[in-house]
Amino acid sequence: MSTFSDLSEQRLKTFSGTVPVLELENCVLLPESMLSLRITAAADCQLIAEALAADALIAVSLKRADGDPRSKRKTPEINSVCLASIVAPCQLESGDYSILLQGICRAKSVTLQNTDRPYRKAILELKPDFYIEQPVIQREHRQYELLQQYSSIFLKQADDPTYYHMLQRDITLGKLCDILAGTINLEPVLSQLILQEHDVDLRSDLLLSFLKAKFREQQRKPYAGALSLEFSRN
């Protein structure tokens, strides 16, 4: 049976390089992550329909802020995007789409000009994970650090056997960073920084710094995330 990664690699071999760009507000899709969406805007519905008629691949981008209308400076276009596959699409009676997006690979985008579509299309330059030949970190230890910090914050039972199984999994540092970051409700700015960093060691620095800061905050305010109990109405 082929895994999704195998299928993705096969599709990337025939990837044309030109895709429509779906812009999302306050949301960044990372490789190895999945995102469930309901598409309602007419332009976005047309984007999804035409993508499905082709190869079901799109670029997912953080929608840029318009900036201060009084300022003459334009907000720079965000060109670090995530190439994604549309998984299990469903068109509703209203014409809206319910879709699941699977992040595949980082990419740099160059917007095509003068298209007749109500949405952007772009040429992508794929940015696979980059590993420097002489790293300043010990990558195996860094994976352990990330998992330890993550589990101490987000996993209630770090001694669960599945947790220790994760430590032994044959997974690259780059994929581990994306998988962990994809499960955390990160601020879009930080998610975008992680997305645009194809140097894996630097990406792991970003994520580890966030996890350490989160752990220190949790230590200072141990009950900040606790849910209060409702009093009985009897």
Spin-label point model (7 Å from Cα, Cβ direction): what's the Glu187 to Ser94 distance in nm? 3.3 nm
Amide H to amide H, which residues 5 or more places from Arg120 or on other chains are under 5 Å from it, using H placed in the peptide plane? Val21
Using the structure shown, list the pairs from Lys13/Lys212; Lys121/Lys214; Lys63/Lys127; Lys108/Lys221; Lys13/Lys214 with a Cα-Cα distance above 32 Å, or answer none. Lys13/Lys212; Lys121/Lys214; Lys108/Lys221; Lys13/Lys214
What list of ³J(HN,Hα) values in whole Hz, one per residue of the range 31-46 in order, does the Karplus curve 6.51 cos²θ - 1.76 cosθ + 1.60 (θ = phi - 60°) give from phi, with Gly and Pro shown as x? x, 6, 10, 10, 9, 9, 9, 10, 9, 10, 5, 4, 5, 5, 5, 5
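Since every read-out is calculated from the coordinates, none of them should be taken as a lab result. Treat the numbers as computed from the prediction; the structure is a model and nothing was measured. Here Cβ is always computed from backbone atoms with ideal geometry, including for glycine, and neighbour counts include all displayed protein chains.
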